[in-house]
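The numbers here are math on the coordinates, done by the rules we state, and not lab data. Bear in mind that the values here come from a model prediction, so they are computed numbers and not experimental data. All Cβ positions, glycine included, derive from the backbone under ideal geometry; neighbour counts span all protein chains shown.
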Amino acid sequence: MLNNDMDEKQEKDLNLYTVFLKVCELKNYSDVAHFFHYYNRQAVSKKMAALAEQVGVKTLFIRKAHGVEPTSDAIKLRDNIVPILKQLEQVENAIRAFDKNSSGIIRLRCPSHVGRFAILKCVRLFREKYPNIKFEIKKMSIDNSLTALKIGKLDLVLTLSTLASDIFEIVKLHEYSNTFFATRKFLEDNGIDENVTAAQLKTLPVIFSEKTYFNHAILSGLEAIVETSSMEMTYAAVLDGMGIGYGAEDYIDKKSVVTLNIIDYKVSKSPLVLAHNSLISKPARAFLNDLINHFKIKNQ
């Protein structure tokens, strides 16, 4: 039977490895201290010195001008400890089930129209199961949100653009088909139906957001008569009869507008991607699993 001193040492060991992995990720003692709410960077430095002594090496990190770099020993340790800690997380989840009485806060970033049409539905369903879980849904640039994720100010980041990272885990949830759309009255007033050529489209007033135009390979030579700041504004302008809009087909109410078939042009698709740290809170992990299941059913 283990004595109390051994129990304390085991608990301390796990804490050291958790801090170690965060140093490997952020490569900056001050950022790690901020993440774990330590008083200063020296607390992190002492923990890494203690871990180095424990595993029997001189040092795990080499100081650089703007942070630290892991040694070859640290890289070996990281590669071996990550699967062990993930397995431990699975064991803890099995023992201490996440139930309806669990509490916590999930902080996530998502594009406004994705939040409105998809994520809010998932949030509502999740809170029906776990009423004590609160959500903070942020709207910020993708660069700022990834920085916030890196230092622990966000749990999950959703984006409609492709992400590649060796820091975060990336999950592709869904792929949205984009489309041009207009009201039936607008088509009738302009003497066209839902089947148009690319050449015809270039002669018609088109509305899309500057961000949408930047992110997607929209028909070359197509210029907007109105550039909006969001998908919601584009949709409102189309309903007002100002022209033809462009956006994700999933979020278009086909009772109000008609989607166009561009005969000689293949419209691009947008991936819905989620980024998160390898070790996340139990509420965030549960919501992540719900999101994956939601879109798995949607994609069937």
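When you have a sec, figure out the Kirkwood radius of segment 177-268 from all distinct Cα pair distances and drop it here in Å to one decimal? Display every interim value, and only then the final one.
Working: mean 1/r = 0.0778 Å⁻¹.
Here the Kirkwood hydrodynamic radius works out to 12.9 Å.
Suppose R0 equals 51 Å. What FRET efficiency, 1/(1 + (r/R0)^6) with r the Cβ-Cβ distance, do residue 278 and residue 227 give to the nearest 0.05? Can you show the working numbers first?
Working: r = 39 Å, r/R0 = 0.76.
Efficiency, rounded to the nearest 0.05: 0.85.
To check you understand DSSP bridge types, tell me what percent of the beta bridges within the chain (both residues inside) are antiparallel, rounded to 5.
Details: 21 of 37 bridges.
In the chain, approximately 55 percent of DSSP beta bridges are antiparallel ones.
Please give the FRET efficiency for residue 184 paired with residue 125, using the beta carbon to beta carbon distance and R0 = 51 Å, rounded to the nearest 0.05.
Numbers: r = 33 Å, r/R0 = 0.65.
My answer for the efficiency is 0.95.
Where does each of 188-197, 279-288 land if you order them by average Cβ count within 10 Å, highest first?
Output ranking for 188-197, 279-288: 279-288, 188-197.
Have a look at 207, 84, 137 and tell me which one the Gaussian network model of the chain (Cα, springs below 10 Å) gives the largest fluctuation.
84
How large is ³J(HN,Hα) for each residue in segment 67-74, as worked out from phi by the Karplus curve 6.51 cos²θ - 1.76 cosθ + 1.60 (θ = phi - 60°), to whole Hz, x for Gly and Pro?
Ordered by residue, 3J(HN,Hα) equals x, 9, 10, x, 6, 4, 5, 5 Hz.
Tell me, what is the FRET efficiency for residue 88 and residue 292 to the nearest 0.05, using R0 = 30 angstrom and their Cβ-Cβ distance as r?
On the way: r = 22 Å, r/R0 = 0.72.
Step by step, r from the Cβ atoms, then E = 0.90.
Write out the GluC sites (Glu not before Pro) in segment 212-295 meeting two conditions: DSSP loop, and at most 13 other Cβ atoms within 10 Å of their Cβ. Don't skip to the end; give the middle numbers.
On the way: sites: 223, 227, 232, 249; in loops: 223.
Taking segment 212-295 and a limit of 13 other Cβ atoms within 10 Å, the loop GluC sites (Glu not before Pro) found are 223.
For segment 116-196, what are Rg and Dmax over the alpha carbons, in angstrom?
Reported Rg and Dmax, both Å: 18.9, 55.
Can you list, bin by bin at 10 Å, the percent of alpha carbon pairs in the chain, starting at 0?
The calculated distribution, bin by bin, is 5, 22, 25, 20, 14, 9, 4, 1, 0.
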